[in-house]
Structures are given as C-alpha cells and as structure tokens.
Amino acid sequence: MTIVHVKDSIVTNNVFDGIGAYTSAGRSTVSMTVDRSSSLLNGSNGILAQGSTAYVFLANSTVMSNVTGLNASGGTIVSYQNNQLTGNVTDGAPTAMLSVK
C-alpha cells in the first residue's frame, strides 16, 4: 500500500494532471489525502483517481481552471464537502462524500 499526504500545497500549470493516484490491475492500493491545497490550470485533470484501488480524499482544497476538475477514472474521489470546485471546462464530481465533524 502507498499512502501520500499533500498538505498546504499548490499544484499548477502541469501539461497533464495536477494531482493523481494511479493503480493498475494486480497492484497495491494507493491512498492520497489532499488537504488545504490547490490544483489549478492543469492541462488535463486537476484531481485524478485511476484504477480500482486508487483513492483520493479531498479536504479544504480548491480545484479550479483545469480541463477536468475531478476525474474518478475507475478510482474513488472522496470529498469532505468543504472544497471549492469551479471554473474547470468540466468540473466532474466526487464519487463519495464524508461529513466534517
């Protein structure tokens, strides 16, 4: 299992994806938490979860001005419902929601 925590970061102006969790068949789980961060002006996806065991947990973050904001390409994007998602060509949507308590 791979676990990544992106906190207080800005990811911007990438040719392809801003922040991505990728897995392929038979590979271990990738779990990424994106907290108080921004993914802006990327040439493809702001946030990508690709593969059945790829997970991105999104909290207090901004995903703006990308081609696609959120792309759960076979993976899971979980939102804590306190993010800003706007101004992307296609915003996309999280695949699951959690409550902030």
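The values are calculated or read from the model by the stated rules, or taken from the named source; none is laboratory data. Keep in mind the model is a prediction, meaning the values are calculated, not measured. FYI the Cβ positions are ideal-geometry reconstructions off the backbone, even for glycines, and counts take in every protein chain you see.
Numbers below:
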read-out	value
Output for the stretch 59-81, where each listed residue is part of a loop (DSSP other than H, G, I, E, B) and closer than 23 Å to Arg27 by Cα	Gly75
Of residues in the stretch 16-47 being of a type in the set (Val, Ile, Thr) and either under 17 Å from Leu85 (Cβ atoms) or in contact with a Lys or Arg (Cβ under 9 Å, 6 or more places away or on another chain) (or both), the one surrounded by the fewest Cβ atoms within 10 Å (Cβ to Cβ)	Thr33
Selection within the stretch 82-94 - part of a loop (DSSP other than H, G, I, E, B) and more than 11 Å from Leu58 (Cβ to Cβ)	Gly87, Asn88, Val89, Asp91, Gly92, Ala93
Output for the stretch 1-17, where each listed residue is outside any strand (DSSP E or B) and not β-branched (Val, Ile, Thr)	Met1, Asp8, Ser9, Asn13, Asn14, Phe16, Asp17
Set Ser65, Ser79: member being surrounded by 15 or more Cβ atoms within 10 Å (Cβ to Cβ), out of contact with any Cys (no Cβ under 7 Å at 6 or more places or on another chain) and within 17 Å of Arg36 (Cβ to Cβ)	Ser79
Of all residues in the stretch 82-91 being under 12 Å from the mean Cα position of the chain (by Cα) and within 11 Å of Gly46 (Cα to Cα), the one that is surrounded by the most Cβ atoms within 10 Å (Cβ to Cβ)	Leu85
Complete set of residues in the stretch 18-58 that are of a type in the set (A, V, I, L, M) and either assigned to a loop (DSSP other than H, G, I, E, B) or under 10 Å from the mean Cα position of the chain (by Cα) (or both)	Ile19, Ala21, Ala25, Met32, Val34, Leu41, Ile47, Leu48, Ala49, Val56, Leu58
Among the candidates Asn71, Asn13, residue that is buried (at least 19 other Cβ atoms within 10 Å of the Cβ), among the polar types (S, T, N, Q) and at pLDDT 95 or above	Asn71
Answer from Thr62, Thr86, Thr23, Thr90 - the residue that is modelled with pLDDT under 95, touching a strand residue (DSSP E or B) at 6+ places or on another chain (Cβ under 6 Å) and not acidic (Asp, Glu)	Thr23
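Let's see how each residue does on (1) more than 13 Å from Asp17 (Cβ to Cβ); (2) without any contact (Cβ under 8 Å) to a residue 24 or more places away in the chain:
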{"residue": "Asn45", "(1), (2)": "no, no"}
{"residue": "Thr53", "(1), (2)": "yes, no"}
{"residue": "Thr68", "(1), (2)": "no, no"}
{"residue": "Gln84", "(1), (2)": "yes, yes"}
